[in-house]
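K.L.:
Have a look at this one before I ask anything.
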Amino acid sequence: MNQINYRSLCVMLVDDDPVQRAVVKAMLKKLGTWQIFESDNGHDAEPLIKVAEPDLLICDVAMEPVNGFELLRRLRTMQSAKLRQIPVIMLSGLSASGTVMKASVLEADAYVVKPIVADIQSDRISRVMRTPNGSAFRIDRSHLSDNKPSLDSPTVEDKHFKSRSALKEAV
């Protein structure tokens, strides 16, 4: 198993709650990660991602004006293959199966329900960073095209989906 060099890991942390950002940042520092960029919303995070090219994005779901799902969709459709392949861990207080499935369809690498437990979060980081291109579900993200999933359906999060394909149809 590959050892993760947390000291060289660059992380972008996006959450509108300053307390949650502080908790995650402290956990990352405890692991040895010091290169941490922060943003309180997806709109402001997008240009930072393009400049910083982080190794990992940890992102809240419910934010304004650009939520975590929209930021993830934008990331997966960026021109740069390197940026499209950034592993993403979604954080949220929302635990409904439809919300988790939506994150999966949009190609998040992991989903962690708040409140954040340090051991669980560090385990997710380790798993995501040890697998090729961040996720066991995708070997290569370079195939990502300009097909952009629609996030306009207000009922997507309320539905209970039995499979990824059912969610793709709804999105």
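K.L.:
Looking at segment 109-132, which of its residues are of a type outside the set (Ser, Thr, Tyr), free of Cβ contacts under 8 Å to residues at least 40 places away in the same chain and farther than 17 Å from Val23 by Cα?
P.N.:
Selection gives Asp109, Ala110, Arg127, Pro132.
K.L.:
Scan segment 78-93 and report the pairs whose first residue is under 14 Å from Asp55 (Cβ atoms) and whose second residue is among the acidic types (Asp, Glu) and part of a loop (DSSP other than H, G, I, E, B), with Cβ atoms within less than 7 Å and a gap of 6+ or a chain change.
P.N.:
Once the first residue is under 14 Å from Asp55 (Cβ atoms) and sits in segment 78-93, its partners that are among the acidic types (Asp, Glu) and part of a loop (DSSP other than H, G, I, E, B) give Lys82/Glu53; Leu83/Glu53; Pro87/Asp109; Val88/Asp109; Ile89/Asp109.
K.L.:
Give the residues of segment 24-46 that are in a helix (DSSP H, G or I) and either touching a strand residue (DSSP E or B) at 6+ places or on another chain (Cβ under 9 Å) or open to solvent by less than 70 Å² (accessible area, probe 1.4 Å) (or both), sorted by residue number. Steps first, answer last, please.
P.N.:
Taking segment 24-46 first, the residues in a helix (DSSP H, G or I) are 24-31, 42-46.
Within segment 24-46, Val24, Lys25, Ala26, Met27, Leu28, Lys29, Leu31, Gly42, Asp44, Ala45, Glu46 qualify.
K.L.:
Can you tell me which of (1) open to solvent by 60 Å² or more (accessible area, probe 1.4 Å); (2) touching a Phe, Trp or Tyr at 6+ places or on another chain (Cβ under 6 Å); (3) closer than 20 Å to Arg124 by Cα; (4) of a type in the set (A, V, I, L, M) is the one Leu94 doesn't meet?
P.N.:
Only one criterion is unmet by Leu94, namely (2).
K.L.:
Quick one: is Gly93 on the phi > 0 side of the Ramachandran plot, modelled with pLDDT under 95 and touching a Lys or Arg at 6+ places or on another chain (Cβ under 8 Å)?
P.N.:
The answer is no for Gly93.
K.L.:
Out of curiosity, is Leu83 within 14 Å of the chain's Cα centre (by Cα), aliphatic (A, V, I, L, M), closer than 20 Å to Val105 by Cα and surrounded by 21 or more Cβ atoms within 10 Å (Cβ to Cβ)?
P.N.:
Spelling it out, it is not the case that Leu83 is within 14 Å of the chain's Cα centre (by Cα), aliphatic (A, V, I, L, M), closer than 20 Å to Val105 by Cα and surrounded by 21 or more Cβ atoms within 10 Å (Cβ to Cβ).
K.L.:
I want to confirm something. Restricting to segment 8-23 and keeping residues that are in contact (Cβ under 8 Å) with a residue 60 or more places away in the chain and assigned to a helix (DSSP H, G or I), which single residue is farthest from Val66 (Cα to Cα)?
P.N.:
Within segment 8-23, the match that is farthest from Val66 (Cα to Cα) is Val23.
K.L.:
When both residues are 6+ apart or on different chains and their Cβ atoms are under 6 Å apart, which pairs have a first residue that lies in segment 39-67 and is within 21 Å of Ser122 (Cβ to Cβ) and in contact (Cβ under 8 Å) with a residue 12 or more places away in the chain, and a second that is open to solvent by less than 60 Å² (accessible area, probe 1.4 Å) and not hydrophobic (A, V, I, L, M, F, W, C)?
P.N.:
Here the result reads Leu56/Pro87; Cys59/Gly68; Asp60/Asp15; Asp60/Gly68; Val61/Gly68; Val61/Ser92, each pair linking segment 39-67 to a residue that is open to solvent by less than 60 Å² (accessible area, probe 1.4 Å) and not hydrophobic (A, V, I, L, M, F, W, C).
K.L.:
Applying the selection to segment 67-88, what residues are closer than 22 Å to Ile116 by Cα and either assigned to a loop (DSSP other than H, G, I, E, B) or out of contact with any Leu (no Cβ under 9 Å at 6 or more places or on another chain) (or both)?
P.N.:
Within segment 67-88, Asn67, Ile86, Pro87 meet the criteria.
K.L.:
If I ask for residues that are open to solvent by 60 Å² or more (accessible area, probe 1.4 Å) and in contact with a helix residue (DSSP H, G or I) (Cβ under 9 Å, 6 or more places away or on another chain), which ones from segment 8-23 would you list?
P.N.:
Across segment 8-23, the qualifying residue is only Val23.
K.L.:
Taking the conditions exactly as written (buried (at least 16 other Cβ atoms within 10 Å of the Cβ) and assigned to a strand (DSSP E or B)), does Ile49 satisfy them or not?
P.N.:
no
The values are calculated or read from the model by the stated rules, or taken from the named source; none is laboratory data. Predicted model, so just to flag it, every value in this text is computed and none were measured. When we count neighbours, we look across all protein chains shown, and the Cβ atoms used for this are built from the backbone with ideal geometry, even at glycine. What goes into the accessible areas is simple: the full protein's heavy atoms, side chains included, and nothing from ligands, DNA or RNA. Shrake-Rupley method; radii C 1.70, N 1.55, O 1.52, S 1.80 Å.
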